[in-house]
Amino acid sequence: MLHQIRQWQRDERRLQEYLGEIRGTGCAEVRVASVESLTDQLLPQVLVAFRERFPQVRFRLMTGMTDTILEQVVTGDADIGICINPPITPRVRFIEQVGLEFGAVLAPSHPLAERQALWLRECLAYPALLPSPEMFHGSTLQQVLAKADLELEPVAAGNRILTLKSLARAGLGIAFLNRLDISRELAHGELVFKPLFDRHIAKAQLTLCAHSDRALPMATSVLAERLREAMLSIEPGQHRLA
């Protein structure tokens with residue numbers, strides 16, 4: 001831990017020196033491509049703290065699906081990406097991965113809301129809220145249903161996490177998301193999260209990534225480390241990537 005703190009201090013000193021050199025020419029810019037989950041709370045909180053420390057850094061943020069984020073990292077449109085369940089991709093290196101618990105998301109008034117956890121099969125008796133095909137592809141839900149050999153009949157489908165959360169909150173059906181997706185709603189008691197008993201349920205892999213062949217600029221490198229630490233704090237005790 002002491003070694004990590006000293007490394008942060010060295011990185012911050014180097015970034016301060018770098019920002020001092022560009023003072024007359026403008027701001028350093030960091031381009032971040034992220035899944036929607038992080039844009040509600042975690043990413044804004046990290047950027048606010050970073051900006052307070054380094055006011056000469058500005059940010060360009062892009063929100064999209066995992067495939068789009070990986071493409072933006074490969075083409076150089078994004079300096080760093082934060083995505084869910086990315087496949088191994090040429091020219092992309094994973095800086096950190098954190099497992100996020102995946103489960104059923106319900107309105108507090110739902111008949112299953114009082115249960116501690118659920119079997120996926122139990123959810124078949126209730127209307128389901130599913131992601132659109134582009135969101136479903138490669139998702140944790142797709143993997144879960146394939147392993148369970150089950151099919152959910154949707155009452156509605158949406159291409160935004162916000163849409164699925166809103167429909168679940170209104171009581172239209174059950175959505176299937178990770179805890180991070182609904183962190184704000186959990187804090188306000190607007191939704192409930194129910195883990196799934198099924199043994200084959202894998203955690204969603206939240207992944208911080210960058211281009212494997214490009215050295216990160218100083219401002220980007222320091223921000224990446226801040227994002228890495230914030231990700232690890234979501235579910236403490238997880239191991240770092242080597």
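The values are calculated or read from the model by the stated rules, or taken from the named source; none is laboratory data. Just so we're clear, the structure is a prediction, and the values are computed from it rather than from any experiment. All Cβ positions, even for glycine, are placed from backbone atoms using ideal geometry, and neighbour counts span all protein chains on display. Remember, those area values only see protein heavy atoms, side chains included, never the ligands or the DNA or RNA. Shrake-Rupley method; radii C 1.70, N 1.55, O 1.52, S 1.80 Å.
Residues considered: ALA156, ALA210, ALA202, ALA175. Of these, the only one that is within 18 Å of ARG121 (Cβ to Cβ), assigned to a strand (DSSP E or B) and either in contact with a helix residue (DSSP H, G or I) (Cβ under 7 Å, 6 or more places away or on another chain) or acidic (Asp, Glu) (or both) is ALA175.
Could we say that ALA168 is open to solvent by less than 60 Å² (accessible area, probe 1.4 Å), out of contact with any Phe, Trp or Tyr (no Cβ under 7 Å at 6 or more places or on another chain), in contact (Cβ under 8 Å) with a residue 12 or more places away in the chain and over 15 Å from THR140 (Cβ atoms) here? Yes: the conditions hold for ALA168. Go through region 187-210 and give me each residue that's modelled with pLDDT under 95, over 28 Å from THR68 (Cα atoms) and surrounded by fewer than 18 Cβ atoms within 10 Å (Cβ to Cβ). If the condition is that a residue be modelled with pLDDT under 95, over 28 Å from THR68 (Cα atoms) and surrounded by fewer than 18 Cβ atoms within 10 Å (Cβ to Cβ), then ALA187, PRO195, PHE197, ASP198, ARG199 are the ones that fit. Please indicate, with yes or no, whether at least one residue in region 138-158 is surrounded by 13 or more Cβ atoms within 10 Å (Cβ to Cβ), more than 29 Å from PRO87 (Cα to Cα) and among the charged types (D, E, K, R). The answer is no; no qualifying residue exists.
When GLU52 is tested against (1) among the charged types (D, E, K, R); (2) assigned to a strand (DSSP E or B); (3) under 20 Å from GLU229 (Cβ atoms), only condition (2) is not met.
Would you please name the residue that is nearest to PRO154 (Cα to Cα), looking only at residues in region 115-129 that are open to solvent by less than 10 Å² (accessible area, probe 1.4 Å) and in a helix (DSSP H, G or I)? Spell out how you get there, then give the answer.
Of region 115-129, the ones open to solvent by less than 10 Å² (accessible area, probe 1.4 Å) are 118, 120, 123, 128-129.
Of the ones still in play, those that are also in a helix (DSSP H, G or I) are 120, 123.
On the way: LEU120: 14, CYS123: 11 Å.
The qualifying residue nearest to PRO154 (Cα to Cα) is CYS123.
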